[in-house]
Amino acid sequence: QFWREGLDDAAKIGTLDMSSRTPREPREAEAPDSSRPLHPRLRTGDYLITGHRDYVTDLCYNYFGRRLACCSSDHSVKVYDREGARWVAHPGCHWKAANGAIYRVTWAHPEFGQVLAICSEDKTVTVWEEQSSVLAANVDLRSRWHSIAELSESKKAVRDLEFAPIHLGLWLAAAAADGQVRVYEVLKPGNLGHWPLRNAFDTDIAEMGPLCLSWNKSSFEPPMLVVGGHDGAVQVWVEESRRWVCAWGPQLVTEVPEVEKAAEADEAEASLARGDGAVVDIDWAPNIGRSFHLIAATSVGGGPVVIKLRRSPLELISIRRLRPQASDITYSVWRLQWNATGTLLSASCDDGRVRLFKADFSGENWLEVGVVDI
């Protein structure tokens, strides 16, 4: 019944009579339908026949998401352009780019032109630029990729590289198997052929050294890098007066025992802190007004986790594992990437699917919210 108050005699303005309704018979509990997906499946987009003769090791979109670069163990790189509803590789956009297997490819900010950088087994970092010629007779042959710089300071294979956020300028960080992370800087954007070494630091990571790295995207903090190593180490490095200092890492953290004591911490979470298994990929989430940092990492022994760090001072808050929707599903995650706001995390798994994870209302537990079947 609905009533309006404020009168001497309350006036009834609406009545819902439930007395004549026939009671509903209780239904038996329905068994869950195993054929029904636990959450909506996302539709797969276009398939690309790359023409590579070996494994495709990395993919990278440009800033606008209209161009896609892929590299392979066959020493080549291929660039696609989005034209309408199709991805098209024009003549001149598939070329041999190294003398060994290429591990990573990355785009520079479009402010500096169409610039790509790759790292490979041949111990080099090569920077490529797309150059156009209006004198070419064939319109399809007017675009060519040219090598403008080859950085060969590494003594072993270069495993990962990434351009710095635009507010720092044209910087490029490269992690090599010799244990060194080198940061290059272009002093004059008009001269992209000159990449002097700004500085370098030794991660002191055993065996194959650092395998992956990621920049802190925040423009309100000094330059920061997170590095994942072959021995399972995760380290955060900060540049202070042109010198890199390790600000956080498992070997420096005294809070790790607290992570192991937490009720929600499991063996996979503690294994990252102890350094069990190689960290194969890592990504620093964009910071949109948060008072803490989020870093996603995946390792061979511990699986995918999200590391939560306090911003100032830089110290560990928690380590949480990415939890699948079904507890009986097992898979390994090899690549991770945040969305533009750092609220949704995509994970490439070895079962042929890409899974999406998002934090619950508490912000502590990361749950699976979508699956893309490849």
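Nothing in this text is a laboratory measurement; each read-out follows from the coordinates by a stated rule. Just so it is clear, the model here is predicted, and its values are computed rather than measured. Because the Cβ atoms are built from the backbone with ideal geometry, glycine has one as well, and the counts that use them run over all protein chains shown.
Odds and ends about this structure:
- Distance between the 7 Å Cα→Cβ label points at ASN199 and THR343: 3.6 nm.
- Its Cα gyration tensor gives region 52-106 an equivalent ellipsoid. The semi-axes, each the square root of 5 times an eigenvalue, are 20, 12, 9 Å from largest down.
- Violating pairs (Cα-Cα greater than 24 angstrom) within the set LYS308/LYS358; LYS96/LYS217; LYS156/LYS188: LYS96/LYS217; LYS156/LYS188
- Placing unit charges on the Cβ atoms only, positive for Lys and Arg and negative for Asp and Glu, gives region 282-356 a dipole magnitude near 280 debye about its Cα centre.
- Inter-probe distance in nm under a simple model that places probes 7 Å from Cα toward Cβ, at GLU111 and TYR55: 3.6
- Considering only ALA174, GLY209, GLY229, and ranking their Cα positions along the charge dipole of region 139-249 that arises from unit charges at the beta-carbon of Lys, Arg, Asp and Glu, the one farthest toward the positive end is ALA174.
- Placing a pseudo-label 7 Å from each Cα along the Cα-to-Cβ vector at ALA85 and VAL300 gives an inter-label distance of 4.4 nm.
- Region 90-224 - Kirkwood radius from inverse mean 1/r over Cα pairs (Å): 15.7
- R0 of 30 Å, Cβ-Cβ distance GLU150-ARG290: FRET efficiency to nearest 0.05: 0.15
- Applying the Karplus relation 6.51 cos²θ - 1.76 cosθ + 1.60 with θ = phi - 60° to region 350-359 yields 3J(HN,Hα) values of 7, 9, x, 10, 10, 9, 10, 10, 8, 6 Hz, where x marks Gly and Pro.
- Placing a label point 7 Å from the Cα of CYS246 along the Cα-to-Cβ direction, the residues of region 203-222 whose backbone N falls under 18 Å of that point are 203-214.
- Stretching the chain fully between ARG310 and ILE374 yields a gain of 19.4 nm (0.36 nm per residue, less the alpha carbon separation).
- Burial ranking of peptide ranges 358-364, 313-319 (average Cβ count within 10 Å, highest at the top): 313-319, 358-364
- Cβ crowding within 10 Å averaged over residues, with 67-74, 210-217 ranked highest first: 210-217, 67-74
- Cα centre as origin, Lys/Arg/Asp/Glu Cβ charges: region 61-202 dipole, Debye: 180
- Protection proxy ranking of 176-182, 147-153 - average other beta-carbon atoms within 10 Å, highest first: 176-182, 147-153
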